[in-house]
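Q: Sharing a structure below in structure tokens format, with a few things to ask.
The values are calculated or read from the model by the stated rules, or taken from the named source; none is laboratory data. It should be emphasised that the depicted structure is a prediction, and the values quoted were computed from it without experimental measurement. When we count neighbours, we look across all protein chains shown, and the Cβ atoms used for this are built from the backbone with ideal geometry, even at glycine. Only protein heavy atoms, including side chains, enter the accessible area calculation; ligands, DNA and RNA are left aside. Shrake-Rupley method; radii C 1.70, N 1.55, O 1.52, S 1.80 Å.
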Amino acid sequence: TGDIAFQSLAHDVKDIRCHPDGPYRVFAATGGGLFRSVNSGSTSTNIMPGDILEIEFHPLNPDTIYTVRRSGPVTEFFRSLNGGNSFVQMTAGWPSPNVGAGEHQERTEIAVTPDAPNNIYALATGSANGGSGLYGIYISADLSANWTFTCCGPGPGGPPSPTNQNLMGWSDQGLDDGGQYYYDLAFAVSPFNKDSMWVCGVNLWVSANEGSSFVCPAAWS
């Protein structure tokens, strides 16, 4: 698919979404930018440069679009209110690792749900405060204007413990450091119940309280 200019680009594709109100409007998150097509992919336009990781639409107003971009050792969150014609970076409360001290946060998955349409949920992975794997679960309740750290433990990263579980490791108790946090990663919130949340790294983790705590019903082994 795509014209010669698009096909000639050397980029990986991480996410493809069709606009819910017009499936001929196709968005592709790629390592070379966020591309938008208005003719089912025959031609496309790069509407945001950079390494784009994911795309989500507001459940009730799909002209509000959310996307995540990786910029070196960090991720950035952007919002469009006009179908992708322009984007604004939303920073209040978003993960902010101390890069100078060797911290990093290079991967974020986001999710939305019709049960709380103005909410956005973020699964951030990386390394901070002496621990790696889960950087944190973040929630915005106001269309990404503000983000709040929710889980796990007192703050981003940190050494794993029973009160600071690392959801990215191999332990089904969340007690080991690291894991495949920059590889296999999935994240979803129930469309019917915002309290029901799933995190998938090496193991499957489930929350019944909107990400405040998690249990592992299915270990990798």
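Q: So how much accessible area does Trp94 have, in Å² to the nearest 10, using a 1.4 Å probe?
A: Around 20 Å² of this residue is reachable by solvent.
Q: What ratio of Cα Rg to 2.2 N^0.38 Å holds for segment 1-83?
A: 1.04
Q: With the full set of protein chains in place, find how many percent of the accessible area of segment 59-134 is carbon and sulfur; take the probe as 1.4 Å.
A: Carbon and sulfur: 42 percent of the exposed surface of segment 59-134.
Q: Compute log10 of I(q)/I(0) for segment 74-198 with the Debye formula, placing one identical point scatterer on every Cα and leaving out solvent, at q = 0.20 Å⁻¹, to two decimals.
A: Values returned for q = 0.20 Å⁻¹ are -1.15.
Q: Springs between alpha-carbon pairs under 10 angstrom, Gaussian network model over the chain: which of Arg107, Arg25, Arg69 fluctuates most?
A: For the chain, modelled as a Gaussian network with Cα springs under 10 Å, the answer is Arg25.
Q: To continue, here is another question. Using the crude model of +1 on Lys and Arg Cβ and -1 on Asp and Glu Cβ, and no other charge, please compute the dipole size for segment 92-221 relative to its Cα centre, in debye to 20.
A: 80 debye
Q: Relative contact order for segment 116-170: what percent, with Cα pairs under 8 Å and sequence separation of 6 or more?
A: It comes to 33 percent, rounded to a whole number.
Q: How much accessible surface does Met90 have with a 1.4 Å probe, in Å² rounded to 10?
A: Solvent-accessible area, nearest 10 Å²: 30 Å².
Q: Could you rank Ser37, Ser213 by how accessible they are, 1.4 Å probe, largest area first?
A: The ordering from most to least exposed comes out as Ser213, Ser37.
Q: Per DSSP helix of 4 or more residues, -39500 (n - 2.57); summed, then divided by the residues of the chain. What does that give at 222 nm, rounded to the nearest 500?
A: Mean residue ellipticity, 222 nm, calculated: -500 deg cm²/dmol.
Q: Per residue, how many Å² of accessible area does segment 58-187 show with a 1.4 Å probe?
A: I get 39 Å² per residue for segment 58-187.
Q: Using every alpha carbon pair in the chain, what percent of pairs falls into each 5 Å bin from 0 up to the bin containing the largest distance?
A: 1, 7, 15, 19, 18, 16, 12, 7, 4, 1, 0
Q: What does the charge dipole of the chain about its Cα centre add up to, to the nearest 20 debye, if the Cβ of each Lys and Arg holds +1 and the Cβ of each Asp and Glu holds -1?
A: Rounded to the nearest 20 debye, it is 340 debye.
Q: Still on this structure, I have one more. So what is the relative contact order for segment 57-166, in percent, with contacts set as C-alpha pairs under 8 Å and at least six apart?
A: 19 percent
Q: Go through Phe187, Gly155, Gly131 and say which Cα lies farthest out towards the positive end of the charge dipole of segment 93-208; charges sit on Cβ, +1 for Lys and Arg, -1 for Asp and Glu.
A: So the residue furthest toward the plus end is Gly155.
Q: Given the whole protein assembly as supplied and a 1.4 Å probe, what does the accessible area of Glu109 come to in Å², nearest 10?
A: That residue has around 30 Å² of solvent-accessible surface.
Q: Here's a follow-up. Rank these residues by their accessible area, most exposed first, probe 1.4 Å: Ser96, Ser132, Ser71.
A: Ser96, Ser71, Ser132
Q: Continuing with the same structure: Cα-Cα pairs above 13 Å in segment 95-144: how many percent?
A: So the portion of pairs separated by more than 13 Å is 57 percent.
Q: For segment 153-164, take each phi angle, set θ = phi - 60°, evaluate the Karplus expression 6.51 cos²θ - 1.76 cosθ + 1.60, and give the result in whole Hz per residue in order, putting x for glycine and proline.
A: Rounded to whole hertz, the list is x, x, x, x, x, x, x, x, 7, x, 9, 9.
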